[in-house]
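All of the numbers you see were taken from the coordinates with simple rules; none came from a lab. Here the structure is a predicted model, which is why all the values come from computation and not from measurement. Cβ coordinates were reconstructed from backbone atoms using ideal geometry, including for glycine residues, and neighbour counts include every protein chain displayed.
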Amino acid sequence: MKPIRLLSGVLTVGFWTLMSRVLGVVREVMILAFIGPGPVMDAFVAAFRLPNMFRRFFAEGAFNAAFVPMFSKRYEAGENPLGFARDAMNGLGFVLMILTGLSMVLMPALVWATAQGFAGDARFDLTVAFGRVVFPYIFFISLAALFSGALNATGRFAAAAAAPVFLNVFVIAAMLIGSRVGGEIVLWLVWTIPLAGIAQLAIVWVAAERAGVRLRPGRPRLTPEMKHLTVVAVPAALAGGVMQINLLVGQQVASHFDKAVGWLYAADRLYQLPLGVVGIAVGIVLLPDLSRRLKARDDDGGREAFSRAGELSLALTIPAAVALVVIPLPLVSVLFERGATGPDDAAAIAVAVAIYGLGLPAFVLQKVLQPLFFAREDTRTPFRYAVWSMLVNAAAAIGLAPVLGWIAPAIATTLAGWTMVVMLGVGGRRLGPVARFDDRFRRRIWRVCLASALMGGALWGTLLLIGPFLSVDYWRYSALAGLIAVGILAYALAGQVIGAFRLSEFREALRRGKR
């Protein structure tokens, strides 16, 4: 077996995901400045969430969990992986065309089902209009997810990781052009999204061709392999759907509060930066690696990959979570407070960021633990856990809203994330030693927590010293950069001293990954 280089793969995916998420933050800065929290932004967020919801339901949920392990094993064994991928593409494309057509016709019903609080005001009609423009994005981005999964399974991560960058590049360019030539910025924004989907699909399709994964559209066929894929994919899609139901429950609750949909969306984009760079990158690389190792009966290698993925994830995620909890207002005010977004908006977004920060390690650990099940083509167990997570989320969001108001969905999301992690961790123990972190992980994880706590103290002390400069336009960017630099240096120094990690080990692993 030619192994997938875990660290170099994570670095590749992490780099491009970082580029995408940084540009995503720039995109949100521009949206908040040009449009700002209010009816138009609420409508855009609700409309854009529809294709993204179905994308995670059909493409990322089903195909990352079902298609990638099955394709990886066929690729490893030479069992006609291209024929399998071609049939999967044709079947997925057929389903997507039907879904897109029905959704365009039934858009008012979809909006009512996902944002009932909009009914009776201008936000409802705006969301319907925006939704009909952006919904075809699902067709292109879902097919792009299939090609990305095939590339990842062959150990080629760069093109699939780079493709999402183009959504943000297109959107940022469109808003800049719109601000120069005139017209409503939001219209430039929504019409650009399906065009970006076409670009993303083109990039991964060409990369797949060059990698030897040559697929052509054709008539869908219900072969025995497709039946098996469907059996495996349906629970995965349902599990992905449960996670989207969590988001929709939060949106339903938030839609009854003025500006809340926009506030939560902005906070979500900020904590998604470390989640995407670390958790999603590790999950994308770990799943095909585990699948191929299981096929080759390499349990020791599987445990090593699983443990190092968990160690790397938490070593990067826990300090990020501490930073989001300790300095949310400086982050939000410097990044988002301008134009149509005022101090009150920044304060509200910062509260949500801190709450999401408490759940960030859980969201990342899910990406590490789920491949243990998906690599075995077990998608039903994570689905059952996701249902329990959904119930916790719904109970907390709906139950706390009368008391805590619009912030209840953020609290519910964090509680549901930790519920899911506990169940995945306990349930994974039955999978044997390969699903248990090794001694090195257990020795280092408490040191990572201690180093992160020391970093948090350094951030808090520095904030007290330079806090006044964060409110001065001329100094605010330099002050925030200095604050972040102090946090990074404090964590690196503390981690080295107490043995949370060794930079020399990282450099050596990086050299091995490049060979």
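For the range 354-417, the fraction of alpha-carbon pairs lying more than 13 Å apart is 65 percent, rounded to a whole number.
Taking other residues whose beta carbon is less than 15 angstrom from the beta carbon of W188, and scoring Lys, Arg as +1 and Asp, Glu as -1, yields +1. Each Lys and Arg Cβ is given +1 and each Asp and Glu Cβ -1; about its Cα centre, the range 6-437 then shows a dipole of about 1160 debye. When only alpha carbons of the range 6-437 are considered, Rg and Dmax amount to 20.7, 61 Å.
Projecting the Cα positions of S307, G405, A348 onto the charge dipole of the range 6-437 (unit charges on Cβ atoms of Lys, Arg, Asp and Glu, taken about the Cα centre) puts S307 furthest along the positive direction.
Charge tally around A43: other residues with Cβ under 9 Å, Lys/Arg +1 each, Asp/Glu -1 each, net -1.
A helix-only calculation puts the chain at -27000 deg cm²/dmol for mean residue ellipticity at 222 nm, using -39500 (n - 2.57) for each DSSP H run of at least four residues, averaged over all residues. Close Lys pairs in the chain, defined as Cα atoms under 25 Å apart and 8 or more places apart or on different chains, number 12.
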